[in-house]
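Asker: One structure follows; several queries about it will come next.
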Amino acid sequence: MPPDHLGTAQPPLGAAPGRSGTPRPPRGPRNLGSSAPRLTLIGLLLTLLSCTFAQSYDYEVIVVGSEPEAISAAIAAAESGAKTLLVSEDRRLGGLFVEAMLNVLDLRTRPFVYQRGIFERWWQRVGRGMSFDVREAEEAFAAMLATAGVEVRLASPTIRLELVEEGRVGGVRVGTVYHSAAQVIDGTGEMSAAAEAGAGFSVGFGSFGVDVRMVDTLVFRIAGVDWSALRKGIAERGPGYAHADESVAWGHFGGYPVAYEASDPDLRLRGLNLGRQRDGTVLVNALLIYGLDPFDPSSLADGRSRAAREAELITAYLAQEIPGFEAARLAGFADRLYLRETRHLEAVCTLEVDDLLDNRVTDLDVAAGGYPLDVQPLTPFDSGFVFGAPDIYGVRLCVAVPADLDGVWVVGKAAGFDPLAAASARVVPFGMAVAEAVGVAAAKGALEGRDPRSLVADIEAQQEIRATLTRRGALLPPLEARAPTGPYQHPHYDAYRLLLSRGLATGGYNNDPKLDAPMTALNYLYLLSNVGTRFLGDDSLGPALLEAYGSSLGPLTPELALEFTEAATCLVSGCPLPPTRERLHELGVVPPGLQLSNPLTRGQMYRLAAGVARLAPDPP
């Protein structure tokens, strides 16, 4: 499984997250308890109201966008009996897979294929490998849409969602022509249509108080690669160098790509993801572009232009050392950039990182995920982070429904995932599985006269949708008790998980945060600085602590740890504060009886930092 992330995972500015308290026991399925009858009653009432205002529409379901998730939703809606239109301003079908030429799949296949249904049907058409030919992908999407009876309109004029009343979408305006619809699905990838219509969202890690998002990429094409020589060279150098099969190669390649010095300071080369095409050319996903505004077409065009110029130099550089690249030559670029992360929908419910790392599955889930929490670089100064690797998790339909806009669904990476959950849930196979469920639900809502919010408030309706998905061949995650990922019996596990929930700790691919590793004074100062920003909304805490203690070098002793904790508590709670351990006990910052080694371990450091995090006005 070739990972999108190929850098060395390093925790941001000094360390990790956690949730204070006793270690969590293994968690099983969420207990819906007495809420089910209440939600079912609400759903029935909303159904009656919807039927009262039933009307005819030009289309029962309209899907906006050309992304794989949009296509999956449209096929599912049409196959479920809804008259369906897919309309896009794009010229080609396939979005990220075709126009951005991202032809290497981020897909979990062990111990089984996690995403089936429509995704697996498409995957079978393109060869069922870990990469695919872009032209074949486009043709497969077109054939599946045609077979399902979806009307498709590409290269359309400007598309906007139209409100029939405040807070409710009733159709789509394409240029000057209006099409009414019972249900609309935004599959644009960036939820552009829903956002313009008023759906709430955050951008990147903004919900954590940090103005960063995952870096963008231009995929480029290289001809002249001897794939047999590439595989042979990789095999001779061993798995620490790279991995390859008949169609895909990925790895650090001895650190040679990362050592490339770009002519543009906002460009960088990382480890290579290489996907072979039927014509023998190779698509390269490795060129990172920093500092772009994802919502400004001129910024994106400028970034693509600069990256395209750099790709010529990169190709010549790779030809010097990468086996099989001796005759490599640049042969083209993707039509548009690969934007890993932009908006995150403010949805009726949110898929959170805790859901993933608790391996949480419920009896309302409509798709299964299990890809690692793989955050690509956020700044030019980090190499990305792997926060953990769940065994399996489920997702509910409500992540696709805007909290403040009805009549519309959102599918794809911009659905209701928190920034860390999105590191796993952003991958296209998972998105296609969720979108298939949304297509089924949208058809059901259209044919029964029900809005999205009424459907996701109705337990019985969701169970019917799950039953339909099972009949369609989709994989629903099995309900069974599972332990959370990582060392959940460690005394400081909850502190680790609390800090991880805001991106301040990592577990890596093996879910090992190394909670017993010794820490330095600077580790803790940087961690407290990030706690100030991501938990307390206080950007001044870090600079104040670093000004007072930034010269503190060496191990994190108990004396220094408590002094830093007291100072942070004072700054957060308002000085003067008696700097006593008793006061820290009273505020709940330092648990009574906490034993600190010399130097402190990472787990002990997390425990203290978690106490400071809980000083937030609305503590986690």
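The values are calculated or read from the model by the stated rules, or taken from the named source; none is laboratory data. Predicted model, so just to flag it, every value in this text is computed and none were measured. Here the Cβ is made from the backbone with ideal geometry for all residues, glycine too, and neighbour counts use every protein chain on show. Areas reflect the complete protein model, heavy atoms only, side chains present, ligands, DNA and RNA absent. Shrake-Rupley method; radii C 1.70, N 1.55, O 1.52, S 1.80 Å.
Asker: Could you compute the net charge surrounding residue 574? Neighbours are other residues with a C-beta less than 14 Å from the C-beta of residue 574; K and R count +1, D and E count -1.
Answerer: -1
Asker: Follow-up. Order 135, 336 by their accessible area, 1.4 angstrom probe, all chains in place, largest first.
Answerer: Ranked from most to least accessible, the order is 135, 336.
Asker: Ranked from the most accessible area to the least, with a 1.4 Å probe and all protein chains present, what is the order of 64, 348?
Answerer: In descending accessible area the options line up as 348, 64.
Asker: Over what distance in Å are the Cα centres of segment 551-572 and segment 338-371 separated?
Answerer: 36 Å
Asker: Here's a follow-up. If you rank 236, 69 by how much accessible surface each has, with a 1.4 Å probe, what is the order from largest down?
Answerer: 236, 69
Asker: On to the next question. Fully extended, how many nm does the chain gain between residue 226 and residue 290 (0.36 nm per residue separation, minus their Cα-Cα distance)?
Answerer: This chain segment gains 19.9 nm when fully extended.
Asker: Taking the Cα centroid of segment 280-297 and of segment 431-446, what is the distance between the two, rounded to the nearest whole Å?
Answerer: Segment 280-297 and segment 431-446 have Cα centres separated by 30 Å.
Asker: To the nearest 500 deg cm²/dmol, what mean residue ellipticity at 222 nm is calculated for the chain from DSSP H runs of n ≥ 4 alone, each contributing -39,500 (n - 2.57), summed and divided by the residues?
Answerer: -10500 deg cm²/dmol
Asker: Please calculate the 1.4 Å probe accessible area of residue 383, with all protein chains present, and give it to the nearest 10 Å².
Answerer: We get 40 Å² for residue 383.
Asker: Keeping all protein chains in position, work out how much accessible area residue 396 exposes to a 1.4 Å probe, and write it in Å² to the nearest 10.
Answerer: Roll a 1.4 Å probe over it and residue 396 shows about 60 Å².
Asker: As an exercise, identify the GluC sites (Glu not before Pro) in segment 113-222 lying in DSSP coil whose Cβ has no more than 16 other Cβ atoms within 10 Å.
Answerer: Answer by residue number: 166.
Asker: Hey, if you put +1 on the Cβ of every Lys and Arg and -1 on every Asp and Glu Cβ in the chain, which of 142, 217, 415 ends up farthest toward the positive end of that dipole?
Answerer: It is 142.
Asker: Give the label of the value calculated from the structure for P(r) over Cα pairs in 20 Å bins from 0, in percent, choosing from (i) 19, 46, 29, 6, 0; (ii) 19, 57, 23, 1; (iii) 20, 49, 28, 3.
Answerer: It is the one labelled (iii).
Asker: Among rounded, prolate and oblate, which fits segment 258-309 when a ≥ b ≥ c are the square roots of the eigenvalues of its C-alpha gyration tensor, a/c under 1.5 means rounded, and a/b larger than b/c means prolate?
Answerer: oblate
Asker: Separation between the residue 147 and residue 124 pseudo-spin-labels, each 7 Å from Cα along Cα→Cβ, expressed in nm?
Answerer: Distance between label points: 0.8 nm.
Asker: What is the Cα centroid distance between segment 374-427 and segment 117-143, reported in whole angstrom?
Answerer: Here the two parts' Cα centres lie 23 Å apart.
Asker: So how much slack lies between residue 553 and residue 305, counting 0.36 nm per residue of separation and subtracting their Cα-Cα distance, in nm?
Answerer: Contour length minus Cα-Cα distance gives 84.8 nm.
Asker: Is there a quick way to get the dipole size of the chain? I mean about its Cα centre, with the Cβ of Lys and Arg at +1 and of Asp and Glu at -1; what is the value in debye to the nearest 20?
Answerer: I would put it at about 1180 debye.
Asker: Whenever you get a sec, compute what percent of the accessible area on the chain sits on carbon and sulfur atoms (1.4 Å probe).
Answerer: 52 percent
Asker: First check a/c for segment 516-620, with a ≥ b ≥ c the square roots of the eigenvalues of its C-alpha gyration tensor; if it is under 1.5, answer rounded, and if not, answer prolate when a/b is larger than b/c or oblate otherwise.
Answerer: rounded
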